[in-house]
Amino acid sequence: NRSLLQAKAELALSEAQRNHHQVAVFVLDIDRFKQINDLHGHPAGDVLLQIIAKRLDQQRKVNDIVGRLSSDEFVLVVPQCDGQQATELAEQLRVVIGKSCDINGVAIVPSVSIGISLFPQDGNDIDTLLHRADTATYQAKQQGRGRFSFFSHELNQLAIRRQAMEKALHESICTNQLDLHYQPQICMRNNKLHGVEV
């Protein structure tokens with residue numbers, strides 16, 4: 001599925017480059033998918049995946065490309081789609097996917113967090129565009145589930161800094177480079193020790 005998605009997407013990007021069109025790449029991550037699996041079982045999760053795949057397929061136009069990227073992530077590649085059209089489509093997808101569905105007698109209201117990248121400004125190949133849309137998905141989840149976010153270079157810099165900080169912290173923990181220091185908290189009224197902060 002992923003190989004076919006990448007091959008079709010690269011073809012769409014080549015055509016867009018020849019015709020000077022934009023292409024929007026959407027990464028849709030199902031919110032609380034693990035919780036659905038844990039509460040209702042993996043068969044219910046599988047049914048939900050099928051429902052969302054069907055809803056995505058019904059929304060796509062003839063030249064749009066839909067694929068499943070990982071366990072709870074889908075990709076939608078939309079040729080001839082600029083930022084404004086991508087915004088409208090993201091809103092539409094949130095509404096369509098967010099309709100209640102019955103799974104084994106249980107009403108579930110699914111939601112997705114959506115990250116969007118645009119060709120050519122965010123990347124010239126599908127791997128870069130997918131990575132950047134995925135970065136935007138993380139930002140959408142940070143804002144609250146069921147939202148969408150466009151990739152930005154500021155967002156990318158933030159992700160790079162965060163990754164560097166996580167790596168440095170991990171290395172510091174592994175090599176016992178962290179020390180605890182205590183700072184006294186003094187009550188201003190009576191000048192007595194009130195507590196400490198680490």
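The values are calculated or read from the model by the stated rules, or taken from the named source; none is laboratory data. Note that this is a predicted model, so its numbers are computed, not measured. Methodologically, a virtual Cβ is constructed for each residue, glycine included, from the backbone with ideal geometry; neighbour enumeration extends over all protein chains shown. Note: accessible area is taken over every heavy atom of the protein model, side chains too, but ligands, DNA and RNA are not part of it. Shrake-Rupley method; radii C 1.70, N 1.55, O 1.52, S 1.80 Å.
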Could you check Q157 against (1) closer than 30 Å to A44 by Cα; (2) in a helix (DSSP H, G or I) and say which number it fails? (1)
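Name the residues in the stretch 115-137 that are part of a helix (DSSP H, G or I), open to solvent by 10 Å² or more (accessible area, probe 1.4 Å) and out of contact with any strand residue (DSSP E or B) (no Cβ under 7 Å at 6 or more places or on another chain), would you? Step through it out loud before you land on a result.
Within the stretch 115-137, the first condition is being part of a helix (DSSP H, G or I), and the residues that meet it are 126-137.
Keeping just the survivors that are open to solvent by 10 Å² or more (accessible area, probe 1.4 Å) gives 127-128, 130-132, 134-135.
Listed by number, the residues that qualify are D127, T128, H131.
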When the stretch 20-56 is examined, which residues are found to be open to solvent by less than 80 Å² (accessible area, probe 1.4 Å), out of contact with any Pro (no Cβ under 8 Å at 6 or more places or on another chain) and under 23 Å from L89 (Cα atoms)? A24, V25, F26, V27, L28, D29, F33, L49, A53, R55, L56
Candidate set: the stretch 184-198, residues that are among the polar types (S, T, N, Q) and part of a loop (DSSP other than H, G, I, E, B); chosen: the one most open to solvent (accessible area, probe 1.4 Å): N191
Is there a residue in the stretch 171-179 that is touching a helix residue (DSSP H, G or I) at 6+ places or on another chain (Cβ under 7 Å), open to solvent by less than 100 Å² (accessible area, probe 1.4 Å) and not β-branched (V, I, T)? no
Of all residues in the stretch 95-114, count the ones that are farther than 11 Å from R55 by Cα and either buried (at least 19 other Cβ atoms within 10 Å of the Cβ) or touching a His at 6+ places or on another chain (Cβ under 8 Å) (or both). 8
Every residue in the stretch 75-92 that is open to solvent by less than 10 Å² (accessible area, probe 1.4 Å), within 19 Å of T135 (Cα to Cα) and out of contact with any Gly (no Cβ under 7 Å at 6 or more places or on another chain), please. L76, V77, V78, A86, A90
Residues being in contact with a Lys or Arg (Cβ under 7 Å, 6 or more places away or on another chain), farther than 19 Å from Q80 by Cβ and either without any contact (Cβ under 8 Å) to a residue 24 or more places away in the chain or polar (S, T, N, Q) (or both) - total across the stretch 110-155: 2
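I'd like the full set of residues that are surrounded by 13 or more Cβ atoms within 10 Å (Cβ to Cβ) and assigned to a loop (DSSP other than H, G, I, E, B), limited to the stretch 64-74.
Going residue by residue through the stretch 64-74, those that are surrounded by 13 or more Cβ atoms within 10 Å (Cβ to Cβ) are 64-69, 72-74.
Selection gives D64, D72.
Restricting to the stretch 96-114, name every residue that is small (G, A, S) and assigned to a loop (DSSP other than H, G, I, E, B).
Pass one, the stretch 96-114, residues small (G, A, S): 98, 100, 105, 107, 111, 113.
Result: G98, S100, G105, S111.
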Does Q17 satisfy being more than 22 Å from A107 (Cα to Cα) and open to solvent by less than 80 Å² (accessible area, probe 1.4 Å)? no
